[in-house]
Amino acid sequence: MTILTLSKALNAGLRKAMENDPKVLIMGEDVGKLGGVFRVTDGLQKDFGEDRVIDTPLAESGIVGTAIGLALRGYRPVCEIQFDGFVYPAANQIVSQLAKMRYRSLGYVSLPVTIRIPCGGGIGAVEHHSESPEVLFAHTAGLRVVACGDAADAFAMIQQSISCDDPVIFFEPKRRYWDKAEVDTASGVAHALPLDRARVALEGTDVTLLAYGPLVRTCLESALAARQDGRSIEVIDLRSLSPLDMETISDSVRRTGRCVVAHEAPVYAGLGAEIAARVTEQCFYRLEAPVLRVGGFATPYPPSRLEEHYLPDLDRILDAVDRAFGY
Amino acid sequence: MTVESGAVTAAAPSFPSDPATPTRPSLKPHEVPPPDQPGLVQLLTPEGERTDHPDYPLDLSAADIRDMYRDLVLVRRIDTEAISLQRQGELGIWASLLGQEAAQIGSGRALGPDDMVFPTYREHGVAWCRGIDPVKLLELYRGVSHGGWDPKEHKFHLYTIVIGSQTLHATGYAMGLQRDGVVGGDNAEAVIVYFGDGATSQGDVNEAFVWASVFNVPVVFFCQNNQWAISEPLEKQSRIPLYQRARGFGFPGLRVDGNDVLACYAVTKKAMQAAREGQGPTLIEAFTYRMGAHTTTDDPTRYRLASELEVWKLKDPIERVRAYLVRTGQAEPEFFAALDAEAKQVGARIREACRTMPDPPPLTIFDHVYAEPSPMTSILREEREQYAAYLDSFEESGGAGR
């Protein structure tokens, strides 16, 4: 076991993937000498060369479009989109090309492309650097969408995503890059939790609290705080946003009878809406309260001096939990 | 608007010299060539006269040229048949290649078996050269599949409908060739990507030019300038001739008579060879004309004059080859008669195949969304099971099942 930041864990996972498979490439803006603006690819170009860690021209559609071409030739490209708000120029290549190629080709074409996107707010950034666009991709058939919440998952999930034969949109919680955790870098990922499974991060009995990415830690802290009030919150880290692991979610909600979904993305038409609908279908007779959601407002991401009001924090999450007990 | 004909001067894939005085180019680039235009590569005039070009010596046998003529005739027949099938309700839509046969057959026949092709949705002639059964193309336009051929087997990627997207795929694939070490060697491979005049305005095409240039990748950009992007003429896309765009990106561009199958063959052969040898990308502008509608849903009478079509009919890509073969005695009447019969047979075969093509079974809608053998995602599996049960409920009551 080693103590690593989430950023270093991703770096270690990328390194493992590159060592294990010579077809794995990294491409993006500033991923080479600089090691990426968050240093996630630090040192990889030095060790694997410029042919495998490619500093690209500054054009996101070009990054994903050429990654598709490389994948057609048998490579496993890992693209870095520098910030969440910069992914939209690549939307056509991701949504219309990458996601649909297997389907369009009746299975002849496989595109094992991983697209890493630092996501979410909380770092005081200027606009377009704090967004949570995951639901746009979760709504696109053919993509897998995942988000890591801690260093151990970051290490395993990035390797699982790269070895997955489907395209994976991999969200990294940028304000958690510096969070440290124990990571078992020695063992392989064969025994890790499968990429499409949710994980019970903290067991509880009174309410199920669902989160992913940056809010996993916030929800764990909320659960610890709630204990002082004698309330037992079960926290589930969704990990996979598409597909959703409804089995793990519904198993929990059937036990607790209450469910709150938290995400930074706007609540309106967000992932929480999909979860609420499915939980209602699957757990209707066990629910003590409607499924509640807490998240971003139906506004553009605000200037950073206001982001603490926009982002669900411990208090807003516990407020939602309280409301779930008001029925 | 005319295509220059007759002997032409330098048009090698190299940079044109800087004009002494920068001028603002014409707003109608296809009508008034600027003074530094090196000219159009042409090896066979519209009248069927063979001309030479110093940069493109071409030594094809009579049999080779007859083979190309056969290709031209058969793909036009397939195209004609497909238009009829659409009119009869057998196809949802068809994108005709009428007028662009020479650009497609000339370039398509210039490729090596290992070269990779990235087409638009109109490259029926190139598909023919890569051994794709035309019936597969009909499947797509009938709505039975989205393509469904194996791109690896034919070295011919799926048709791409979003304009220009495939140029990036081609460029990435060519970056793969560099990493595979198959550029410059004995088994060198290269990539060709097709797009139209309208696509040159797309960001993806411009990004592909940047990538191809800075990484010096083995890709040939083959632009069929058919003068019309649905209803928009070239002057809505560019103020300079399209081949000159390459210069700003840092690689050579040239313009070829797109209705001259021999010239298209020669320039593509040379550009692909340059790519294989590691010299990097080339932009070929095949100057041609979309003689038909954009697709069967389009009505060109709303936006262009019939007289324009009449001018281009005189430059027909097939007639000039026939004139050449007849004049030079390289093909006998029996050859043309046998080809007519073959064209009829091909037409009858694809017509029959189209009319008897079954719809896919309903539950195939759920296939190939995600990788096999790893199971479909639980949500998709659940939807499939629910829909299967729904269909079965009709079967039990004697209704239409799956």
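The values are calculated or read from the model by the stated rules, or taken from the named source; none is laboratory data. Just so it is clear, the model here is predicted, and its values are computed rather than measured. Please note: Cβ atoms are built from the backbone with ideal geometry, for glycine as well, and neighbour counts cover all protein chains shown.
Some values worked out for this structure:
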item: Any hit, the stretch A:19-33, residues being within 8 Å of another protein chain (Cβ to nearest Cβ), on the phi > 0 side of the Ramachandran plot and in a loop (DSSP other than H, G, I, E, B); result: no
item: Scope the stretch A:139-158; condition surrounded by fewer than 22 Cβ atoms within 10 Å (Cβ to Cβ) and within 14 Å of chain B (Cβ to nearest Cβ); matching residues; result: A:His139, A:Thr140, A:Ala141, A:Gly142
item: Count of residues meeting criterion [of a type in the set (Gly, Ala, Ser) and in contact with a helix residue (DSSP H, G or I) (Cβ under 9 Å, 6 or more places away or on another chain)] in the stretch A:176-205; result: 6
item: Residues within the stretch A:78-89 that are in contact with a Gly (Cβ under 8 Å, 6 or more places away or on another chain) and more than 8 Å from chain B (Cβ to nearest Cβ), tallied; result: 5
item: Subset of the stretch B:249-264 [within 15 Å of the chain's Cα centre (by Cα) and assigned to a strand (DSSP E or B)]; result: B:Val256, B:Asp257
item: In the stretch A:227-248, the residues that are outside any loop (DSSP other than H, G, I, E, B) and away from every other protein chain (no Cβ under 11 Å); result: A:Arg227, A:Ile233, A:Glu234, A:Val235, A:Ile236, A:Asp237, A:Leu241
item: Contacts under 6 angstrom Cβ, first residue in the stretch B:200-222 being facing chain A (nearest Cβ under 9 Å), partner not in a helix (DSSP H, G or I), 6 or more apart; result: B:Asp204/B:Gly164; B:Glu207/A:Ala59; B:Val210/A:Pro57
item: Filtered residue count, the stretch A:202-255, keeping only those that are within 23 Å of B:Glu382 (Cβ to Cβ) and of a type in the set (Ser, Thr, Tyr); result: 7
item: Residue within the stretch A:251-263 that is within 30 Å of A:Gln159 (Cα to Cα) and within 14 Å of chain B (Cβ to nearest Cβ) present; result: yes
item: Long-range neighbours under 6 Å by Cβ, at least six apart or interchain, first residue more than 14 Å from chain B (Cβ to nearest Cβ) and at negative phi within the stretch A:159-172, second surrounded by fewer than 24 Cβ atoms within 10 Å (Cβ to Cβ) and of a type in the set (D, E, K, R); result: A:Gln159/A:Lys16
item: Test for B:Met116: is it farther than 30 Å from B:Glu334 by Cα and of a type outside the set (Val, Ile, Thr); result: yes
item: The stretch A:39-60, residues that are crowded, with 20+ Cβ neighbours inside 10 Å and either in a loop (DSSP other than H, G, I, E, B) or not assigned by TED's automatic domain parsing to the domain that holds A:Val113 (or both); result: A:Val40, A:Thr41, A:Thr56, A:Ala59
item: Positions within the stretch A:106-130 being under 30 Å from A:Lys23 (Cα atoms) and of a type in the set (Ser, Thr, Tyr), in sequence order; result: A:Tyr108, A:Ser110, A:Thr114
item: Condition broken by A:Ile63, with the remaining ones in (1) surrounded by fewer than 23 Cβ atoms within 10 Å (Cβ to Cβ); (2) at the interface with another protein chain (Cβ under 10 Å from one of its Cβ atoms) satisfied; result: (1)
item: Inter-residue pairs, beta-carbon under 6 Å, first within 14 Å of chain B (Cβ to nearest Cβ) and at negative phi and in the stretch A:105-120, second in a loop (DSSP other than H, G, I, E, B) and at pLDDT 95 or above, 6+ apart; result: A:Ser105/B:Leu158; A:Tyr108/B:Asp150; A:Ser110/A:Asp165; A:Leu111/A:Pro167; A:Pro112/A:Asp165; A:Val113/A:Pro167
